[in-house]
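Undergrad: Mind looking over this structure? Questions follow.
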Amino acid sequence: MAKVSFARHLYRFFPGLEGQEVHVKAGNVAELLGQLDKQFPGFSFYIADERGSLRPHVNIFIEEEMVLDRRTLSDRLKEDSHVYILQALSGG
């Protein structure tokens, strides 16, 4: 199962993530978000838009590589992948 880590500021919106070691069985990033949404309702829509594309200020890394397919989230995961989800902070 892929291990998923989150940027700390996501805990503000999803407090159930804090202190959790989250593991998800998924073949690609889209499936991973679907599984996370089952555990943390609303999470997927917070990360992806209504078409399933990553929102502009969200990045997902598999190991140290940023996800390439931001539109359909088809990047493949291995059984032992480490996925890191972060929401970039922006503004002035």
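The values are calculated or read from the model by the stated rules, or taken from the named source; none is laboratory data. Fair warning: this is a prediction, and the values are worked out from it, not measured in the lab. Every residue, glycine among them, receives a Cβ derived from its backbone with ideal geometry; neighbour counts consider all protein chains shown.
Undergrad: Taking segment 25-46 only, how many residues are touching a residue at least 40 places away in the same chain (Cβ under 8 Å) and either under 12 Å from Val4 (Cα atoms) or among the β-branched types (Val, Ile, Thr) (or both)?
TA: Qualifying residue count for the region: 4.
Undergrad: Among the residues of segment 36-61, which ones are crowded, with 19+ Cβ neighbours inside 10 Å and either closer than 19 Å to Gln20 by Cα or aromatic (Phe, Trp, Tyr) (or both)?
TA: Leu36, Phe40, Phe43, Ile47, Ile60 - these are the residues of segment 36-61 that are crowded, with 19+ Cβ neighbours inside 10 Å and either closer than 19 Å to Gln20 by Cα or aromatic (Phe, Trp, Tyr) (or both).
Undergrad: Tell me, which strands (runs of 3 or more DSSP E) lie completely within the chain with 1 or more residues that are small (Gly, Ala, Ser)?
TA: Working: elements: 2-6, 22-24, 58-62, 82-87.
Correct list: 2-6.
Undergrad: Modelled with pLDDT of 95 or more and surrounded by 11 or more Cβ atoms within 10 Å (Cβ to Cβ): does that describe Leu10?
TA: On the way: modelled with pLDDT of 95 or more: no; surrounded by 11 or more Cβ atoms within 10 Å (Cβ to Cβ): yes.
Spelling it out, it is not the case that Leu10 is modelled with pLDDT of 95 or more and surrounded by 11 or more Cβ atoms within 10 Å (Cβ to Cβ).
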